[in-house]
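First comes the structure, then the notes that go with it.
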Amino acid sequence: MRVDPSILVDRREGWVALTLNRPDRLNAFNTDMHARLAEALDAAASDESCRAVLLTGAGRGFCAGQDLSDRMQSDGPVDLGATLEATYNPLIRRIRALRKPVVCAVNGVAAGAGANIAFACDIVVAARSARFIQAFVKIGLVPDSGGTFFLPRLIGDARARTLAMLGEPVGAEQAAAWGLIWKAIDDDRLRAEADALAAHLATQPTEGIALIKEAFNASAGNTLDTQLDLERDLQQRAGRTSDYAEGVRAFMEKRVPRFTGRSS
Ligand code: LHQ
């Protein structure tokens, strides 16, 4: 019997689309899917010709978090901390550390870790019919995969705490209005718009975007003074790239810049 891979990898011109592919389980994660996604993200990181990543889901859902049927097969009490340490935490760190923009196209329900994986991405767009659910409380768990980090920073403590404690769904439009995601898009336009976004990012100054990402990643834990120092250092590096020179030249010559994305 042929088994479909749990992650579909579609290489495009300058970017790659990664699709969570367990649609009968709303793309809930099992060990195999974690391993394949880690492999695909590492391949994107080391491939110089890949300048943006798109993450989405197959079928009607984006991701329902951990595959709970996997957990039921276990004999005794499971060590969920060990599961996080081995799989979800490295995934969130991989996405944040990737020196390329990660676009997330949330095509349907995003629940539990599935929602928080989306929030770890750089630009999140969602189908108007999509919902985000901090489902953890419904099974006695704590939001993980960065949920307690991203949520209060994106939407404030009051909304974050309430979502975590009630596990109520938030629709895509509400999520956009709250600043949880970039925008809600009509369902039938989602993939085309997300593809266009990734294709656009693939033509942009990739190293500059990596430095922007570094600055925002550090911002949450820094004082203004530390962040000003960091901006100085990152700008120094950005100013040494050929894309900066090209950007200024193109501006002066009133033409579209041709960025290489390289770090020198
Ligand atoms: C699923 C799942 C699922 C298996 C839908 N597993 N089959 C990290 C560390 C270690 C362990 C613990 O977890 C974590 C992080 C986490 O992510 S914890 C949170 C885990 N996720 C959830 O609690 C969400 C569970 N799912 C749901 O509440 C619903 O399915 C949602 C609200 C996502 C969607 O509801 P519906 O649209 O009504 O779809 P459905 O419930 O009918 O699901 C469709 C199928 O997918 C169904 O299978 P079936 O054979 O009946 O068609 C579900 O059993 C299956 N499925 N989520 N997480």
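Enclosing the Cα atoms of region 155-245 in their convex hull gives a volume equal to 122 cubic angstrom per residue. Using a Gaussian network model of the chain in which every pair of alpha carbons under 10 angstrom is joined by a spring, one finds that among 24, 144, 67 the greatest mean-square fluctuation is at 24. I want to verify the translational diffusion coefficient of region 113-216 in µm²/s; compute it with Stokes-Einstein, Rh as the Kirkwood radius over Cα pairs, at 4 °C and 1.567 mPa s. Reported coefficient: 88 µm²/s. For the chain, no complete DSSP H run has alpha carbons reaching 30 Å or more along its own long axis together with a mean Kyte-Doolittle score of -0.5 or higher. In terms of Cα atoms, the Rg and Dmax of region 1-148 work out to 14.7, 48 Å. When the Gaussian network model of the chain links Cα atoms closer than 10 Å, the mean-square fluctuations of 86, 126, 105 top out at 86.
Per residue, the chain reaches -13500 deg cm²/dmol at 222 nm when only DSSP H runs of four or more residues are counted, each adding -39500 (n - 2.57). Residue 217 to residue 252: FRET efficiency via 1/(1 + (r/R0)^6), r the Cβ-Cβ distance, R0 51 Å, to the nearest 0.05? Approximately 0.95, to the nearest 0.05.
Simple rule: put +1 on each Lys or Arg Cβ and -1 on each Asp or Glu Cβ in the chain, find the dipole, and look at 65, 203, 248; the Cα lying farthest toward the positive end is 248. In a simple Cβ point-charge model (Lys, Arg +1; Asp, Glu -1; nothing else charged), region 49-164 has a dipole of about 620 debye relative to its Cα centre.
Which chymotrypsin sites (Phe, Trp or Tyr not before Pro) in region 7-110 sit in a loop by DSSP (not H, G, I, E or B) and have at most 11 other Cβ atoms within 10 Å of their own Cβ? Qualifying residues, ordered by number: none.
When only the Cβ of Lys, Arg, Asp and Glu is charged (+1, +1, -1, -1), the dipole of region 141-227 relative to its Cα centre reaches about 180 debye. About the centre of its Cα atoms, the chain shows a dipole size close to 520 debye [charges on the beta carbon of Lys, Arg (+1) and Asp, Glu (-1) only; nearest 20 debye]. Candidates 114, 185, 222 compared by Cα position along the dipole of the chain: farthest toward the positive end lies 185, with charges placed on Cβ. With all protein chains in place and a 1.4 Å probe, the accessible surface of the chain carries 55 percent carbon and sulfur. The value of relative contact order for the chain, using C-alpha pairs under 8 Å at least six residues apart, is 16 percent.
In the chain, the C-alpha radius of gyration followed by the widest Cα-Cα span (Dmax) gives 19.1, 68 angstrom. Within the listed set 66, 174, 227, the residue fluctuating most in the Gaussian network model of the chain (springs between alpha-carbon atoms under 10 angstrom) is 227. Probing with 1.4 Å while keeping every protein chain in the model, the per residue accessible area of the chain equals 53 Å².
Think of it this way: in the chain, 50, 63 stand alone, with no other Cys Cβ under 4.7 Å. Over all orientations, region 206-252 has a Cα convex hull whose mean projected area works out to 3.4 square nanometres.
The values are calculated or read from the model by the stated rules, or taken from the named source; none is laboratory data. Computed from a prediction, not measured in an experiment: that's the story for all the values here. Cβ sites come from the backbone with ideal geometry, for glycine too, and all protein chains shown count toward neighbours. Note: areas computed on protein heavy atoms with side chains; ligands, DNA, RNA excluded. Shrake-Rupley method; radii C 1.70, N 1.55, O 1.52, S 1.80 Å.
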